[in-house]
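Enquirer: One structure, pasted below without further comment.
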Amino acid sequence: MFFSIAFVLGAGLEQCSAISSPVLLTIDDSNPSAVTITATGFAPGVDNNGKPMSSGVDLLGFFLANESTLFGQLLPGSTLSGGNSGVSYNDVRGDNFSTTGGNSQDLRLSLDISSFGAGNSQTFSILQPAFTGSWTIDLSGLGVSAPALPAPGATGDILSGFSGDQGAIIGQWEIAAVPEPSVCSLILLGSIIGAAVRRRRAA
């Protein structure tokens with residue numbers, strides 16, 4: 001009995017120690033022409049101050065291929081903002097903070113340097129949400145192919161700033177997992193199939 005309790009407690013402690021940084025952004029990339037990045041509302045794992053919106057943030061290891069040609073300024077429709085900057089990102093680029101050999105496999109989100117508020121500081125505090133809002137981006141229109149996008153359930157770190165203006169790792173991004181069918185859905189499907197089989201037999 002004692003050993004069983006100790007094993008359960010040990011497994012629980014091991015699981016707790018394996019808990020990673022908070023997930024700050026969830027991403028639906030099932031449609032490359034409408035990749036949606038959404039703030040979770042969670043606070044960052046650490047405080048980090050001083051990086052301007054023009055430096056933005058890097059989603060490290062996001063791409064599965066080199067995206068050094070990715071460059072999209074003044075993209076519409078964003079309400080996604082970092083820290084308490086008060087302005088939204090409008091620029092995406094490939095970056096190479098987490099890779100070597102010139103490959104750009106990080107996704108950089110920033111505010112174009114010519115835009116109002118580009119100098120606003122992204123103040124990430126453990127006392128407030130790291131990000132607010134959401135942003136749907138046509139990555140295929142910017143030359144990114146579906147095989148270069150991460151699979152459902154994939155995760156990675158978020159760097160405040162980018163390779164040329166590095167801050168701290170403040171949390172993680174996560175690709176939305178494909179929802180598993182619920183028990184009720186499976187029961188309903190079974191009932192429909194069963195009814196169809198019975199009708200066929202009766203006929």
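Enquirer: Using the per-residue mean of other Cβ atoms lying within 10 Å as a proxy for protection, in what order, highest first, do the peptides 142-154, 124-136 fall?
Expert: So the peptides 142-154, 124-136, ranked by packing, come out 124-136, 142-154.
Enquirer: Per Stokes-Einstein, at 10 °C and 1.306 mPa s, what whole-number D in µm² s⁻¹ belongs to region 41-86, with the Kirkwood radius over Cα pairs as the hydrodynamic radius?
Expert: Here the translational diffusion coefficient equals 118 µm²/s.
Enquirer: I need the semi-axes of the equivalent ellipsoid of region 17-174: take the C-alpha gyration tensor, multiply each eigenvalue by 5, square-root it, list largest first in whole angstrom.
Expert: 21, 18, 15
Enquirer: Taking K and R as +1 and D and E as -1, what net charge do the other residues with C-beta under 13 Å from the C-beta of residue 118 add up to?
Expert: Combined, the nearby Lys, Arg, Asp and Glu give -2.
Bear in mind that the values in this text are calculations on the coordinates, not laboratory data. Predicted, not measured: the structure shown is a model, and the values here were computed from it. Every residue, glycine among them, receives a Cβ derived from its backbone with ideal geometry; neighbour counts consider all protein chains shown.
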